[in-house]
Amino acid sequence: MTADPRPGTVDLDDLPVPTRVVLGRGVLDRLGPLAAPLGGHALLVCGRTAMRRTGILDRALGSLTAAGLAVTVFDRISANPRSDEIDEALALARTSGCDLVVGLGGGSAIDAAKAVAVAGDAGTVRELIGRTLPGSAAALPVVAVPTTAGSGSEVTQGAIVTDVVRGFKSGIRGEDVAPRIALVDPDLTDRLPAAVALESGFDALAHAVEGAVAKRATAQSRAYSHRALALVRDHLPGLARGAATPEAREAMALAALLGGVNVTTVSTCLPHRLQQAMGAVAGNPLSHGRGLALLYPAWLRSARPFADEAFAAVGDTLGHRDAAAAVDALLASTGLGTSLTEQGYTERDIDTFVAGLSGNLENDPHPEVGTELVRSLYRASLTR
């Protein structure tokens, strides 16, 4: 994808990711014909209920089988994918002879599908968590079909998984993790519960902000970021009011896609590392987007002095010169403006968060990310 000379616009014909993206209303029905050249037996990975309840699973199965593929369904992925679930899916793929993986659902289902695809001959997926993998002929191709608009996982080279033995949540990364094909059908988000739409929408916002202010940010990533920010600005508050129009669904799908492109090309900043570490606290299955919303105000105020011009541009696009104030207003309008304490965390959890921190810390605007900074951001997020 190349930046258009006009600010805030992008050309969708040339995405700088290895994934082939098919974006448009109704493209789910092309799943079978697009997947068929990649394999003959698909493991379809999804969550426990939503895909069946909405009829999306039946549509996907119909398209795949009509194209001549055999399909085995694994429908036991949690909202935050767990290593034991993925090991179970991997065993099913092996015994069934699957040579292709389809991830159908939100970022968790797609991340789980990607983790299964790259596990190869590993005894357990836990061996891969926190690693960047070399290319392997054993990796299976993945087709990603997102049904939420936020994670951008359909085009990223990472899969976030919780190791339930170590209590450790981190990424599996590598070129093979990226899906071969992403089918982005905005109509699939039509029946999303409002809370899920808003939380995933905040994830898209976070990717846009971080793609604009990260140390690795480029002119291209900033162009994608500001386009995505404008889309979120114009449509996320409407979703909170129940205005899930076709235009809004298309806008948020595009914002999520652009955010995923930025995750692949320039990565993310400290809030993503902080939120992933929160997965080490058992018994509080907070969504990724909700967790980011809890942490963002403190991080914005702390990081702003180190990339003032970039943060000011983010604020301008969101309609306020101060990026932190702009995000505060968005959090208030969507009902996401709560605190760690209100979500059941206490100061005692901070030690667990800090111990679980992993991933790239050098991409953040802060000149140095140390334990005291991390602790201060968690403490500041305990209250509003």
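The values are calculated or read from the model by the stated rules, or taken from the named source; none is laboratory data. Quick caveat: nothing in here was measured; it's all calculated off a predicted structure. Backbone-built Cβ (ideal geometry, glycine too); neighbour counts: all protein chains shown. Surface accessibility is based on the protein's heavy atoms, side chains included, excluding ligands, DNA and RNA. Shrake-Rupley method; radii C 1.70, N 1.55, O 1.52, S 1.80 Å.
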Exercise for review: Scan the range 323-330 and give yes if some residue there is open to solvent by 20 Å² or more (accessible area, probe 1.4 Å) and over 17 Å from ALA212 (Cβ atoms), otherwise no.
Suggested key: yes
Review point. Of all the strands (runs of 3 or more DSSP E) wholly in the range 77-178, which have at least 2 residues that are open to solvent by 10 Å² or more (accessible area, probe 1.4 Å)?
Key: 158-163, 168-173
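Please go through the range 330-341 and pick out each residue that is farther than 25 Å from VAL164 by Cα and assigned to a loop (DSSP other than H, G, I, E, B). Reasoning before the result, please.
First, the residues of the range 330-341 that are farther than 25 Å from VAL164 by Cα: 330-339.
Listed by number, the residues that qualify are GLY335, LEU336, GLY337, THR338, SER339.
Does LEU295 fit the bill of being in a helix (DSSP H, G or I), within 20 Å of ALA380 (Cβ to Cβ) and in contact (Cβ under 8 Å) with a residue 24 or more places away in the chain? Full working, then the answer.
Details: in a helix (DSSP H, G or I): yes; within 20 Å of ALA380 (Cβ to Cβ): yes; in contact (Cβ under 8 Å) with a residue 24 or more places away in the chain: yes.
Criteria met by LEU295.
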Check your understanding: Which of the residues belonging to the range 207-224 are buried (at least 21 other Cβ atoms within 10 Å of the Cβ), in a helix (DSSP H, G or I) and among the small types (Gly, Ala, Ser)?
Key -> ALA208, GLY211, ALA212, SER221, ALA223
**Study point:** Qualifying residues in the range 306-318 (those that are assigned to a helix (DSSP H, G or I) and either among the aliphatic types (A, V, I, L, M) or in contact with a Gly (Cβ under 7 Å, 6 or more places away or on another chain) (or both)) - the one surrounded by the fewest Cβ atoms within 10 Å (Cβ to Cβ)
**Key:** ALA312
Exercise for review: State which residue pairs qualify: first residue under 16 Å from LEU236 (Cβ atoms) and among the aromatic types (Phe, Trp, Tyr) and inside the range 319-343, second residue assigned to a loop (DSSP other than H, G, I, E, B) and open to solvent by 20 Å² or more (accessible area, probe 1.4 Å) in any location, beta carbons under 8 Å apart, and separation of 6 or more residues or different chains.
Suggested key: none
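With the condition kept exactly as written, say whether any residue in the range 319-329 is charged (D, E, K, R) and in a loop (DSSP other than H, G, I, E, B). Can you show your working first?
Kept after step one, since they are charged (D, E, K, R), are these residues of the range 319-329: 321-322, 328.
Among the residues that remain, those that are also in a loop (DSSP other than H, G, I, E, B) are: 321-322.
Yes: one or more hits.
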Study note, to complete from the structure: Of the residues in the range 339-369, those that are modelled with pLDDT of 95 or more, within 24 Å of PRO305 (Cα to Cα) and among the polar types (S, T, N, Q) come to SER339, ASN363
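Out of ARG290, ARG227, ARG233, report the one residue that is touching a strand residue (DSSP E or B) at 6+ places or on another chain (Cβ under 9 Å) and in a helix (DSSP H, G or I). Break it down into steps so the answer makes sense when it comes.
On the way: ARG290 fails: touching a strand residue (DSSP E or B) at 6+ places or on another chain (Cβ under 9 Å); ARG233 fails: touching a strand residue (DSSP E or B) at 6+ places or on another chain (Cβ under 9 Å).
Result: ARG227 is the single residue among ARG290, ARG227, ARG233 that is touching a strand residue (DSSP E or B) at 6+ places or on another chain (Cβ under 9 Å) and in a helix (DSSP H, G or I).
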Point to revise | Residue count, the range 225-246 (criterion: modelled with pLDDT of 95 or more and out of contact with any Gly (no Cβ under 9 Å at 6 or more places or on another chain)) | key: 2
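Residue by residue through the range 347-384, note down the ones that are without any contact (Cβ under 8 Å) to a residue 24 or more places away in the chain and either surrounded by 15 or more Cβ atoms within 10 Å (Cβ to Cβ) or not in a helix (DSSP H, G or I) (or both). Give the steps one after another, and end with the answer.
Within the range 347-384, the subset without any contact (Cβ under 8 Å) to a residue 24 or more places away in the chain is 348, 351, 368, 370-372.
Listed by number, the residues that qualify are GLU368, GLY370.
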Point to revise | Those residues of the range 269-287 which are open to solvent by 10 Å² or more (accessible area, probe 1.4 Å) and part of a loop (DSSP other than H, G, I, E, B), in sequence order | key: VAL281, ALA282, GLY283, ASN284, PRO285, LEU286, SER287
Check your understanding: Checking ALA303 against (1) open to solvent by 20 Å² or more (accessible area, probe 1.4 Å); (2) over 30 Å from SER83 (Cα atoms); (3) over 21 Å from the mean Cα position of the chain (by Cα); (4) small (Gly, Ala, Ser), which test does it fail?
Key -> (1)
